[in-house]
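For reference, the structure is listed below as structure tokens.
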Amino acid sequence: MDTLIIGLLLGATYCLMALGLTLQYGVARIMNLAAGEWIVVGGFAAFWSFTVQEMSPIWGFVFAVPFAFVVNWLIYQFLLTPLIRRAKSRGALEVDSILATFGMSFIAIGLMRTAFGGEFFNYSFLSEPVLIFGSAFGLNRIAAAGVAVLFCVVLYFWLLRSRTGMAMRALALSPASAKLVAIDVQKLSLIAFSTGGAIAAAGGVVLSTFLTLDASVGVVFTMKALIIVIMGGVGNLRGAIVAAMLLGLAESAIATWVDPGLTLAAAYLLFVLVLLVKPEGLFGTKK
């Protein structure tokens, strides 16, 4: 039971970590290898709010989320838009975006190391134990999972009910067809990419309440987010949620029954097994 609960709590936080990349890669068609750095930015904002400003780390949302949205807006407008315009195919755009965002990742790491140093950072927030079925779990992990679930629900209904959300789902399904029904692909992709960065920063605020972070740990988050997005089906929010929960349960089981050092290997093994059975992902559609 402990393994199941830990896996569900971990999977819920992984959902939030992957939602941003789901919008960026699934809707805007940008394979963003710098996505994890925005998680670290959110974590730094929460840490700074709690330790320097002596405020609740929740204020990290106020500082990090608008900042991430604006910066990602500028990145898309001035760096990625020229790549999109010159790309002759989706494959060419993916290659160009991988190279561009890979470079952005190193730039972001360098800037964060300069600004905050290379040391690990964490803080104690809602760290008191809570009993669930007789076992103690950190309140910060439970709260983080609750916030992640709330974000998932809000984003799901936004995509399901709002006109912008429905347009994004249409764009994720078929960019060519979206143009035929008067959807402004460029504008919508810009909104999706910027919103994805903001969600990643929000995820960093949540994860910082129970994880130890440093300026260079973003690459691990990026890789796990990519695993979740591709395993669930690119652009499919429901698939990302299910894949995140599966990944959380798999890592929890491996850490409990085998070796905590093999959790990342377990993530890649699950990823490979799913793609061997369904190359398009759990909820993806064949092209």
- Message: Just to be sure I understand: with springs between alpha-carbon atoms less than 10 Å apart, which residue in L23, L33, L79 has the highest mean-square fluctuation in the Gaussian network model of the chain?
- Response: L79
- Message: For the stretch 1-78 and the stretch 219-264, what is the centre-to-centre distance using only Cα atoms, to the nearest Å?
- Response: 16 Å
- With Cα springs under 10 Å, the Gaussian network model of the chain assigns the largest mean-square fluctuation among P175, P66, P82 to P82
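Looking at the calculated P(r) for the stretch 42-155, what percent of the C-alpha pair distances fall above 16 Å? Before the final figure, lay out each step's value.
Numbers: 4768 of 6441 pairs.
I get 74 percent for the Cα pairs in the stretch 42-155 exceeding 16 Å.
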- Name the aspartates and glutamates eligible as straight-distance cross-link partners of K278: C-alpha to C-alpha under 16 Å, and not fewer than 8 places from it in the same chain. none
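So for each of 221-233, 108-120 I average, over its residues, the number of other beta carbons within 10 Å; can you give me the resulting order with the highest mean first?
Ranked by mean Cβ neighbours within 10 Å, highest first: 221-233, 108-120.
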- Message: Helix-only mean residue ellipticity at 222 nm, the chain, DSSP H runs n ≥ 4 weighted -39,500 (n - 2.57), per residue, nearest 500. What is it?
- Response: -24000 deg cm²/dmol
- Query: Out of residues 5 or more away from I132 or on other chains, whose amide H comes under 5 Å of its own, with H placed 1.01 Å from N in the peptide plane?
  - Reply: F137
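Note down the relative contact order for the chain as a percent, whole number, built from C-alpha pairs under 8 angstrom at least six residues apart. Display every interim value, and only then the final one.
Working: 479 pairs, mean separation 108.7, N = 287.
Relative contact order of the chain: 38 percent.
Just so you know, all these numbers are worked out from the coordinates, no wet-lab data involved. Because the structure is a prediction, the values reported are computed rather than measured. As a convention, Cβ positions derive from the backbone with ideal geometry for all residues, glycine included, and neighbour counts pool all protein chains shown.
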